[in-house]
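Have a look at this one before I ask anything.
The values are calculated or read from the model by the stated rules, or taken from the named source; none is laboratory data. Predicted model only: the values in this text are computed from it and were never measured. All Cβ positions, even for glycine, are placed from backbone atoms using ideal geometry, and neighbour counts span all protein chains on display.
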Amino acid sequence: MSPFPVSQLSAYPLAVVGFLVIKVGSALIADPKTGEIRISWIDSLVEEVVRLAARGQKVVIVTSGAVTVGWHRVRHLGCQPADSKRAAAAIGQVQIMQAFARNLKRRGWEVGELLLTRKDVDEADRRLHVREVLHNLFMSGAIPVVNENDTTATPETCFGDNDRLAAHVAEIIKADLLVLLSNVDGLFTEDPNINPSARLVKEVRFITSEMEAMATSSLTRNSSGGMVTKLMAAKIAMDAGCEMVIANGTRHYPLAAIESGAPSTRFIPITKKQRSTST
């Protein structure tokens, strides 16, 4: 594993985290221009996840990218289906799961796929079912990989972004930490693409209206879900007593970078709720 130099920021002690949810943005999974899956990047992430799982930590991966990957494959076939997004999601999801499965299998682990809609996290009985499935996957020695079910979701049942989905998964399993890997270092005082003097916000304990205004002003620049949805996810996670980190995942071995103190924004809840011992 490639080492990372320790930055001026403090390292994040991932070793003490019992339950961890990692959300991966579309641009990290696949090249937005070609739809090609970033196999070597996935390999580096899987290596890190296996390292955590091998020392007894429970890890869930929430991945985006199915539509991006599938759309390019649909176009290459010369097809124009009436609902291209649903068809693209169905095709792309298979490709992404195969990439994770191959990398995990090579290291002696299995992958377990969960495709969820909003009903699965909104309805109490479905939430319990999701929690039970995740528990059983942990017990089976499998790494759960979750995505939104774009093939069947309707406007009433879809999230539209995986930031909030990941936060709800973290809430359901009573995770200690949610990591949102994106193409930005974290939350800035202004959009750094417009103002180079913008400062990284290293720690957040309260989400203010000023922060929400900052996020709205840079909605189209901070990854596919935008910083707005990341702040929504932070609210969900913090209300559940779960810490959250936004970090740049474009480099290989992004978790090692976080552990070494790479730039990030850390959201710390006021109180931490009692963790589950069964999942």
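Name the helices (runs of 4 or more DSSP H) wholly within the range 58-145 that hold at least 2 residues that are closer than 24 Å to Arg164 by Cα, polar (S, T, N, Q) and at pLDDT 90 or above?
Numbers: elements: 66-76, 84-106, 118-122, 124-139.
The qualifying helices (runs of 4 or more DSSP H) are 84-106.
Which one of Thr229, Thr216, Thr208, Thr189 is within 13 Å of the chain's Cα centre (by Cα) and either on the phi > 0 side of the Ramachandran plot or at pLDDT below 95 (or both)?
Numbers: Thr216 fails: within 13 Å of the chain's Cα centre (by Cα); Thr208 fails: within 13 Å of the chain's Cα centre (by Cα); Thr189 fails: within 13 Å of the chain's Cα centre (by Cα).
None of the others qualify; the one that does is Thr229.
I want to confirm something. Restricting to the range 139-156 and keeping residues that are of a type outside the set (S, T, N, Q) and more than 13 Å from Val169 (Cβ to Cβ), which single residue is surrounded by the most Cβ atoms within 10 Å (Cβ to Cβ)? Break it down stepwise before answering.
Here is the first cut: in the range 139-156, the residues of a type outside the set (S, T, N, Q) are 139, 141-146, 148, 150, 153, 155-156.
With the extra rule that they be more than 13 Å from Val169 (Cβ to Cβ), the set shrinks to 139, 141-143, 150, 153, 155-156.
Working: Met139: 10, Gly141: 11, Ala142: 17, Ile143: 24, Asp150: 22, Ala153: 19, Pro155: 6, Glu156: 8.
Ranking the qualifying residues of the range 139-156, first place goes to Ile143.
Out of all the residues in the range 51-64, which are under 16 Å from Leu28 (Cβ atoms) and in contact with a Gly (Cβ under 7 Å, 6 or more places away or on another chain)?
Of the residues in the range 51-64, the ones under 16 Å from Leu28 (Cβ atoms) are 61-64.
Scanning the range 51-64 gives a single hit, Ser64.
Would you be able to say whether some residue in the range 266-278 is under 30 Å from Ser40 (Cβ atoms) and modelled with pLDDT under 85?
Among the residues of the range 266-278, not one is under 30 Å from Ser40 (Cβ atoms) and modelled with pLDDT under 85, which makes the answer no.
Considering Leu181, Leu165, Leu187, which residue is farther than 19 Å from Val49 by Cβ, in contact (Cβ under 8 Å) with a residue 40 or more places away in the chain, among the aliphatic types (A, V, I, L, M) and out of contact with any Cys (no Cβ under 8 Å at 6 or more places or on another chain)?
Of the residues listed, the single one that is farther than 19 Å from Val49 by Cβ, in contact (Cβ under 8 Å) with a residue 40 or more places away in the chain, among the aliphatic types (A, V, I, L, M) and out of contact with any Cys (no Cβ under 8 Å at 6 or more places or on another chain) is Leu187.
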